[in-house]
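J.: Below is one structure. I have some questions about it.
The values are calculated or read from the model by the stated rules, or taken from the named source; none is laboratory data. This is a predicted model, so every value here is computed, not measured. Here the Cβ positions follow ideal geometry from the backbone for every residue, glycine too, while neighbour counts run over all protein chains shown. Ligands, DNA and RNA are excluded from the accessible area calculation, which covers all protein heavy atoms including side chains. Shrake-Rupley method; radii C 1.70, N 1.55, O 1.52, S 1.80 Å.
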2 protein chains.
Amino acid sequence: MDRKENASTAGPKGVLAAVLTPMDEVLEPDHKVFAAHCKRLLASGCHGLSVFGTTGEANSLSVNERLSALEALVESGIPAQRLLPGTGSCALTDTARLSRAALEAGAAGVLVLPPFYYKGVGDDGLFRFFAEVVERVGDDRLRLYLYHIPQMTGVDLGLPLISRLIDAYPGVVVGTKDSSGNRERITTLCREFPGFSVLAGTETLLLETLRNGGEGCISATVNVTSRLARRVHDAHAEAKNDEAEALQERLTHLRASIEACPVIPALKQLMADLTGDKKWCNIRPPLSELDEKSAKKLLSTVPLAELL
Amino acid sequence: MDRKENASTAGPKGVLAAVLTPMDEVLEPDHKVFAAHCKRLLASGCHGLSVFGTTGEANSLSVNERLSALEALVESGIPAQRLLPGTGSCALTDTARLSRAALEAGAAGVLVLPPFYYKGVGDDGLFRFFAEVVERVGDDRLRLYLYHIPQMTGVDLGLPLISRLIDAYPGVVVGTKDSSGNRERITTLCREFPGFSVLAGTETLLLETLRNGGEGCISATVNVTSRLARRVHDAHAEAKNDEAEALQERLTHLRASIEACPVIPALKQLMADLTGDKKWCNIRPPLSELDEKSAKKLLSTVPLAELL
């Protein structure tokens, strides 16, 4: 199987939300609100849903909490093939278990962080981690996306490592979410690894990534910008270049208006406002709700009518 | 209860090993070898054992793997009161569960990392994390030690945060392991928080920390330097100042000879050599065994007769 073929059969692509995890009063994932939010995102233009990533506070959840939230989501009727769950953790056994569960649930793939406790471990140790995950899942239906977000992990997934993983596991290591914010890196990934799915970690780079041959974006702010992000995608797909650029500019502005605050609390605040459900603000430590002043400022600067 | 009293009743103090976790062929903790190693460490001078820290690859283990290894250790006859298990993780629910289990097993205390996935979250979020752990354990027998190791966590446990936690949970937040390597910080902690147990993260600072009013050290290399480290401690306790200094100098040299390699693989290599059990080299990714050349160099430079 060559890489091109893999990529064309691998899902998801286009506009993906890095989905927020709503929580109840005791900070447990609220499965009902979660499912409703996922359905709304699919209805408002998302091609797919990357649940349990950084935005989803996945590493603030136990493995069992992640497993039961995923199960509840699929049971609620969300098509598993639209899901790209994050299964990253520091522990090989946890990542293997979460990845196997996602595969068995029918998810399109898994988004895997490098192990992020130890720093400066070198490419051999990182390679061995991903290799062990693939071997332990032991199923060639696995589609593994490498999650690069060095500002959180403190770990660099360098291009030589990515190349080595693609070569060792063709058809399994099929893509990456790149949240480095490094445009040059994203362009290089698209160019150097044809057939490998490159998804930018922000919708600010959506059009640019699509034009460079990437597959789209997986973004936190898409929790509220999905409609507009989808329009950028579709205008590009229809080769309406000027329209795509104008829409991208609006999208970039919209994201910037949210990014002035810490993004995850800001998005939860916006969801609380948009849905009228104050529980949306609940967030696990070490993250904190926006304080009242920041919340007011956010709601006064973000063009709410443009959201969702 | 004033702080002085808390500290004098809180265990453990003196020389503590940050205990290695031996692993079998499939990289599962080897409970039998683990218990034997812990018994040897207690017999060779360790006052206490900090299992499941950075050296113990705790964050490379799942919660269940940590729980069953702890249970097996206590069942093997290791006195639980000599244990200070690491219970840190990114997830509040995991840390609370591990801490409660350690308390129920009879451990002297728990060593807790700040949540280390998110960066730059601010003191309020960190305070809330530790506060939630204390509240969720919900037992005033809990003795919580703050684990400061910013080179791994990327999180700073600043003095204002520590002060706030001591004030909020007197008798519960009772100490810290400081692996920053920052001597000035350790001195300041000893001076600013009387009655708060300060343990240096390296035996290189053992004598200095004891002289400054700290309680001792918790160190990776104590897995093989415990005899000598204990002699430093005892010479200090007996006010044999010159002897203590001479021994500390030997200890510092001994540690330096090991630190030339990545410490955890080097210690596992040394244990393999000292026990004749090659399985001691097994290590979970992202850490890697020493390559043959480094292992040879290590074994030729470290004075093996001084170890254990």
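J.: Going through the stretch B:71-97 one residue at a time, which ones are outside any loop (DSSP other than H, G, I, E, B), open to solvent by less than 10 Å² (accessible area, probe 1.4 Å) and within 11 Å of chain A (Cβ to nearest Cβ)?
T.: So in the stretch B:71-97, the residues outside any loop (DSSP other than H, G, I, E, B) come out as B:71-75, B:80-83, B:86, B:92-97.
From the residues that got through so far, the ones that are open to solvent by less than 10 Å² (accessible area, probe 1.4 Å) too are B:73, B:83, B:86, B:92, B:95-96.
Scanning the stretch B:71-97 gives B:Leu92, B:Thr95, B:Ala96.
J.: So which helices (runs of 4 or more DSSP H) are wholly in the stretch B:221-281 and hold at least 3 residues that are acidic (Asp, Glu) and either open to solvent by 20 Å² or more (accessible area, probe 1.4 Å) or out of contact with any strand residue (DSSP E or B) (no Cβ under 6 Å at 6 or more places or on another chain) (or both)?
T.: On the way: elements: B:222-237, B:241-259, B:263-275.
Hits in the stretch B:221-281: B:241-259.
J.: While we're here: Assess whether A:Arg231 counts as being of a type outside the set (A, V, I, L, M, F, W, C) and within 24 Å of A:Leu144 (Cα to Cα).
T.: Numbers: of a type outside the set (A, V, I, L, M, F, W, C): yes; within 24 Å of A:Leu144 (Cα to Cα): no.
Here the answer is no, as A:Arg231 does not meet what is asked.
J.: Which number in (1) touching a residue at least 24 places away in the same chain (Cβ under 8 Å); (2) closer than 28 Å to A:Ser44 by Cβ; (3) more than 11 Å from chain B (Cβ to nearest Cβ); (4) not β-branched (Val, Ile, Thr) marks the one condition that A:Arg100 misses?
T.: (2)
J.: Please specify each residue of the stretch A:122-142 satisfying the condition of being out of contact with any strand residue (DSSP E or B) (no Cβ under 8 Å at 6 or more places or on another chain), hydrophobic (A, V, I, L, M, F, W, C) and within 14 Å of another protein chain (Cβ to nearest Cβ). Even if it seems obvious, please write down each step before you answer.
T.: Filtering the stretch A:122-142 down to residues out of contact with any strand residue (DSSP E or B) (no Cβ under 8 Å at 6 or more places or on another chain) leaves A:122-129, A:131-132, A:135-141.
In the following step, the residues that additionally are hydrophobic (A, V, I, L, M, F, W, C) were identified as A:126-127, A:129, A:131, A:137.
If the condition is that a residue be out of contact with any strand residue (DSSP E or B) (no Cβ under 8 Å at 6 or more places or on another chain), hydrophobic (A, V, I, L, M, F, W, C) and within 14 Å of another protein chain (Cβ to nearest Cβ), then A:Leu126, A:Phe127, A:Phe129, A:Ala131 are the ones that fit.
J.: Checking A:Met152 against (1) more than 26 Å from B:Ser89 (Cα to Cα); (2) surrounded by fewer than 21 Cβ atoms within 10 Å (Cβ to Cβ); (3) of a type in the set (A, V, I, L, M, F, W, C); (4) in contact with a Lys or Arg (Cβ under 7 Å, 6 or more places away or on another chain), which single condition isn't satisfied?
T.: (1) is the only condition that A:Met152 fails.
J.: Given (1) within 11 Å of chain A (Cβ to nearest Cβ); (2) surrounded by 24 or more Cβ atoms within 10 Å (Cβ to Cβ), where does B:Lys119 come up short, assuming only one miss?
T.: With (1) within 11 Å of chain A (Cβ to nearest Cβ); (2) surrounded by 24 or more Cβ atoms within 10 Å (Cβ to Cβ) applied to B:Lys119, the lone miss is (2).
J.: Scan B:Ile283, B:Ile218 and give me the residue that is modelled with pLDDT of 95 or more and within 14 Å of chain A (Cβ to nearest Cβ).
T.: On the way: B:Ile218 fails: within 14 Å of chain A (Cβ to nearest Cβ).
On inspection, the qualifying residue turns out to be B:Ile283.
J.: May I pose another question? Quick check on the stretch A:21-63: of everything there that is within 12 Å of chain B (Cβ to nearest Cβ) and free of Cβ contacts under 8 Å to residues at least 12 places away in the same chain, which residue is surrounded by the fewest Cβ atoms within 10 Å (Cβ to Cβ)?
T.: Only one residue tops the list, namely A:Val26.
J.: Still on this model: Check the stretch A:132-140 and report whether any residue there is surrounded by fewer than 19 Cβ atoms within 10 Å (Cβ to Cβ), among the small types (Gly, Ala, Ser) and farther than 30 Å from A:Met271 by Cβ.
T.: yes
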